[in-house]
Amino acid sequence: MNPELLRAAIIAVVVLAALGAIFGLVLAFAAKAFAVEKDPREEAIAGILPGANCGGCGFPGCGGYAAAVAAGKAPVNACAAGGAAVADKIGEIMGVSAGASVKMLAQVHCTGCGQNTKKYDYVGLQDCVAASILPGGGDLGCGFGCLGLGSCEKACPFDAIHVVDGVAKVDEEKCKSCGKCVDTCPKHLISLVPYKTKRHVAITCSSHDKGPDVRKLCENGCIGCTLCAKACPKEAISMVNNLAVIDYDKCIGCGICAQKCPRKLITVDGKVPEPKPQAPKPAAPAAAPKAEEPAKKEEVSAAASGEQNV
Amino acid sequence: MDWANLFSIALGAILVNNFIVAQFLGICPFMGVSKKVETASGMGMAVIFVMGLASAICWPINRFILEPFNLTFMQTVTFILVIASLVQFIEMFLQKAMPALYEALGVYLPLITTNCAVLGVVLQNTQNSYGFIESVVYGVTGGVGFLLVIVLFASIRERMEFSEWPKAFDGFPIALVAAGLIALSFMGFSGLKVVF
């Protein structure tokens with residue numbers, strides 16, 4: 001072996017090793033000296049992420065994305081590389097702590113009754129986007145209704161939306177309000193709405209057709225009668241182009257609109273309430289416990305004072 | 001001090017030999033972090049910062065360690081080592097000492113560790129046998145050129161969200177087409193020279 005070459009190689013190895021050791025020591029020292037406490041969730045999320053720093057999420061690397069999620073500025077499922085598994089885990093981490101903030105829910109604005117009226121027989125790809133490109137925007141009689149071919153189902157990373165009886169239904173428990181279905185639906189039937197766990201009011205129609213046209217196509221499409229808007233005590237419902245739309249900032253979940261609606265398309269907690277006014281019925285049971293409560297309190301206070309006396 | 005020389009280096013780094021569109025260095029962050037103008041400008045600022053510092057640190061290492069030992073053939077390896085450690089160190093230091101600056105740059109710093117534009121700038125410093133001041137100027141202005149192009153590109157991508165293109169071009173293909181057009185327009189600067 002050429003001694004010159006060997007010498008050069010040894011020098012190179014020694015110099016590089018020395019440089020590496022120096023930098024390593026400086027970094028080790030700096031890690032101790034400049035230690036800063038972080039949001040533990042951020043580190044937990046960063047641990048789950050693939051760590052490829054691909055930038056596909058639009059954030060600068062996995063650390064940037066983890067910080068954004070921890071700060072609530074990014075959706076939990078923006079990591080395309082990690083897919084549904086990673087999104088689920090991040091959702092668990094954030095779900096626990098994000099409980100205090102307003103939960104959003106994907107709401108399908110269609111009852112699916114338009115499935116009864118078809119313009120033609122569709123035998124193409126079982127995909128809403130493909131079907132909606134056809135003349136008339138799909139086979140459905142109603143130009144605004146759910147085609148029921150399940151593009152949203154395929155898009156959902158959380159298995160939270162399914163086509164049941166020809167219309168997409170959202171599983172409130174599983175929905176993490178990522179908005180994938182909202183983006184996918186070619187009919188723009190799905191929107192993210194603030195989800196109230198008690199008495200969530202929803203208008204399940206997207207039709208902007210005029211009343212008589214809607215009547216021909218669908219049993220319970222919105223005919224733009226404005227009864228709900230007039231009945232609402234908080235003026236939370238407005239009419240936009242022949243369709244009732246709820247302002248969730250104002251809605252108190254009283255459900256009066258749902259009772260008034262002649263087309264039974266407004267739901268409370270996913271169910272259509274009885275059209276007959278229920279005011280007397282809930283009032284009576286509500287009054288009874290109220291009458292009992294003060295009595296109970298008196299008993300308790302009497303017992304407490306009795307104990308004190310003893 | 002030869003101001004004219006420094007000015008011509010700066011002009012070359014920003015426009016004529018722009019790192020992204022003329023030398024195709026640093027394409028990874030250029031494509032990855034250019035979806036929003038906000039993040040793009042943050043990344044650009046961080047690149048200016050790191051390029052300048054890397055030039056300043058690598059010059060003495062090259063001059064006083066590699067050259068005396070006849071190890072200039074190890075430049076690439078050494079500079080990778082130096083830049084990686086430097087970026088890590090800066091990140092830790094900023095987080096503790098200047099949280100505000102860390103907030104502004106911090107999240108972009110880890111990504112820069114593997115940014116070949118930074119490695120490119122220090123290697124070109126030695127290839128062009130720049131002095132210390134020239135190296136730092138080349139580093140900082142190279143970063144400025146990076147910032148200019150990535151912000152331009154991010155603005156275009158934000159606009160593109162509202163336009164339509166064939167489905168097959170979705171995502172990166174259409175972004176690459178746009179990047180190619182920008183590069184083409186920057187070709188207009190080639191041959192630009194400063195005459196004093």
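What to note about this one:
- Angle between chain B longest axis and helix B:116-127 axis [Cα atoms, degrees, rounded to 10]: 40
- Evaluated at q = 0.17, 0.22, 0.28 Å⁻¹, a Debye calculation over the C-alpha positions of region A:40-94 (equal weights, vacuum) places log10 I(q)/I(0) at -0.38, -0.67, -1.17.
- Volume per residue of the convex hull around the Cα atoms, evaluated for region A:102-196, comes out as 84 Å³.
- Taken over region A:211-271, the convex hull of the Cα atoms encloses 76 Å³ per residue.
- Theoretical FRET efficiency, 1/(1+(r/R0)^6), r = Cβ-Cβ of A:Lys73 and B:Ser190, R0 35 Å, to 0.05: 0.30
- The B and A chains share an interface that buries close to 2200 Å² of accessible area, total over both sides, probe 1.4 Å.
- In this simple spin-label approximation, A:Cys254 and A:Ile133 carry label points 7 Å from Cα along the Cα→Cβ vector, and these lie 4.9 nm apart.
- If only the Cβ of Lys and Arg carry +1 and only the Cβ of Asp and Glu carry -1, the dipole of the protein assembly as shown around its Cα centre is close to 1120 debye.
- Distance in nm between pseudo-label sites at A:Ala35 and A:Val13 (7 Å out along the Cβ direction from Cα): 3.6
- The charge dipole of region A:197-276, taken about its Cα centre with unit charges on the Cβ of Lys, Arg, Asp and Glu (plus for the first two, minus for the last two), comes to roughly 240 debye.
- Between helix B:37-61 and chain B: long-axis angle, C-alpha atoms, 0 to 90°, nearest 10: 20
- In this structure the amide hydrogen of A:Leu105, modeled in the peptide plane, comes within under 5 Å of the amide hydrogens of A:Val193, A:Tyr195, none closer than 5 places in sequence on its chain.
- With N counted as the residues of region B:46-117, its alpha-carbon radius of gyration over 2.2 N^0.38 Å works out to 1.19.
- Exercise: per-residue mean of other protein chain Cβ atoms within 10 Å, A:58-70: 5
- Stokes-Einstein, applied to the Kirkwood radius of the protein assembly as shown over Cα pairs at a viscosity of 0.890 mPa s and 25 °C, places its translational diffusion at 87 µm² s⁻¹.
- Applying 1/(1 + (r/R0)^6) with R0 = 41 Å to the Cβ-Cβ distance of A:Ile22 and A:Asp183 gives a FRET efficiency near 0.20.
- Rg/Rh for region B:128-176 (Cα atoms only, Rh after Kirkwood) is 1.29.
- Translational diffusion coefficient of chain B (Stokes-Einstein, Kirkwood radius from Cα pairs, 4 °C, 1.567 mPa s): 74 µm²/s.
- ³J(HN,Hα), Karplus 6.51/-1.76/1.60, whole Hz, each residue of region A:165-180, x for Gly, Pro: 6, x, 9, 6, 10, 9, 8, 4, 5, 7, 5, 10, 6, 7, x, 4
- Relative contact order (%) - region A:102-196, alpha-carbon pairs under 8 angstrom, separation at least six: 39
- On the basis of the beta-carbon distance and an R0 of 45 Å, A:Lys230 and B:Ala100 show a calculated FRET efficiency of 0.25.
- Here the spin labels are modelled as points 7 Å beyond Cα on the Cα-Cβ line, and at A:Asp171 and B:Ser41 they lie 4.4 nm apart.
The values are calculated or read from the model by the stated rules, or taken from the named source; none is laboratory data. If you're wondering where the values come from, they're calculated on a predicted model, not measured in any experiment. Glycine also receives a Cβ, built like all others from the backbone with ideal geometry; neighbour counts cover every protein chain displayed. To get the accessible areas, we keep the full protein, side chains included, count just its heavy atoms, and leave off ligands, DNA and RNA. Shrake-Rupley method; radii C 1.70, N 1.55, O 1.52, S 1.80 Å.
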